[in-house]
1. I'd like to know which of Met160, Ile84, Leu34 lies farthest towards the positive end of the charge dipole of the chain, counting +1 on Cβ of Lys and Arg and -1 on Cβ of Asp and Glu.
2. May I ask you to evaluate 6.51 cos²θ - 1.76 cosθ + 1.60, the Karplus curve with θ = phi - 60°, for each residue of the range 87-95 and list the ³J(HN,Hα) values in order in whole Hz, giving x for glycine and proline?
3. HN-Hα J couplings of the range 272-277 from phi, Karplus 6.51/-1.76/1.60, θ = phi - 60°, integer Hz, Gly and Pro as x?
4. What is the Cα convex hull volume of the chain when expressed per residue in Å³?
5. I want to verify a result. In a Gaussian network model of the chain, Cα cutoff 10 Å, which of these has the top mean-square fluctuation: Leu200, Leu221, Leu114?
6. If we sort 167-178, 260-271 on the protection proxy, mean other Cβ atoms within 10 Å, highest first, what's the order?
7. Alpha carbon centre of the range 150-192 versus the range 258-328: separation in Å?
8. Ignoring ligands, DNA and RNA, what accessible area per residue does the range 176-235 give at 1.4 Å, in Å²?
Amino acid sequence: MYILIVAVVLLLALLAVKFSNRYGIPSFLLFIILGISFNFFGKDFNNYRFVDEFSSVALLIIMFYGGFGTNLKMAKSVTTQGVIMASAGVVLTSVLTGAFCYFILKISFVESMLLGSVVGSTDFASVSSILRSKNLNLKYSTASMLEIESGSNDPTAYTMTMIFLSILMGSKTSVFKLILLQVGIGLLIGFLMAKLTEKLIFKIDFSQDGLFTVLIISCALLTFAISKNLGGNAFLSVYVLGIMIGNLEYYRKKEVVFFFDGFSGIMQIGLFFLLGLLADPKSIVKAVPVAFLVMVFITIIARPLASILLLKPFGYKKNQLIVISAAGFRGAAAIAFAIMVINSNAKLSVDLFHIIFVICLLLSLIHISEPTRPY
């Protein structure tokens, strides 16, 4: 029965991908809706622990391949802007959103900042999907900047989430030390493992098809595990690993690209489906009022303000800032981080998971109808 369900879900997901490419609807939205629909045909699924573990592996693969596919030479002119938006942009958006939740929605301060942190990053899969499916002719390397930002901003959101979650749970570790550990160890392990992987790539002869890909997967998993166990930002580590070995030239590189194109797609399908399956339709309805207000604030104030303040000094034009402000898709990472918070057993006064879930859905529905403009 389980094999039958998996087969049906994958086939339906393939149809969803074709539908997404044709009509410009984010594929993750369709996968989530598919998962929600399964709630009406059986018992409620509430295994947060399993989904948390699966989402960690899925995000590992997605972030690694996001870094692997980033062409630093092509994006050289906008790398600085992309990194600034992926770091300071996430911090500013998160803090503004947290302030709104605290002062307007009257949620406790730490929970407000936690909510803002969880939903602070944009989704690489959704941004890339929209750029491709709508054939946007973005000038001045705007598309490259957006892909760099969305592909590298999840580690910042994860670090902020861990900081405020630690505060909420009464951790005695200082915020400065936590940031230092998360970012410092994350970058260091990513860099060292990339150098080790580079040596293995050029030292070992992989004559059999498929074995080279096994090496890359193993190194990505090892990088994540080492960083995680040392207290670093494991997602940042695998992203750095992906960027460094993805920008090398070597034999069988295309083999890795072909494999991860399919594998990351399957992981996304599984992740979004499970997230939809985990969501409770009744709780979704209850979360709509708060989620709607937060979504409106992010779309109209937080994201545009962060974009203007950080990119205006680089001479970005009005039309560019409009497009960048509108590219505020939230997706798998935000919902996965919310699940991590739930699994921490932290005492929350709000239904964080379903609020974040609905925010992601609403943002996707809004962006579906966005016009195509040659910016």
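The values are calculated or read from the model by the stated rules, or taken from the named source; none is laboratory data. Because the structure is predicted, anything quoted here is derived from the model rather than measured. Note that we place each Cβ from the backbone using ideal geometry, even for glycine, and neighbour counts take in every protein chain shown. For the accessible areas, the whole protein counts, side chains as well, though only heavy atoms, and no ligand, DNA or RNA atoms are used. Shrake-Rupley method; radii C 1.70, N 1.55, O 1.52, S 1.80 Å.
1. Of Met160, Ile84, Leu34, it is Ile84.
2. For the range 87-95, the Karplus-derived couplings read 10, 5, x, 5, 4, 5, 4, 5, 5 Hz, x marking Gly and Pro.
3. With the stated coefficients, the range 272-277 comes to 5, 5, 5, 5, x, 5 Hz.
4. Values: hull volume 51.5 nm³, N = 375.
For the chain, the hull spanned by Cα atoms encloses 137 Å³ per residue.
5. Its mean-square fluctuation being the largest, the pick is Leu200.
6. Highest mean packing first, the order is 260-271, 167-178.
7. Centre-to-centre (Cα) distance: 21 Å.
8. 56 Å²
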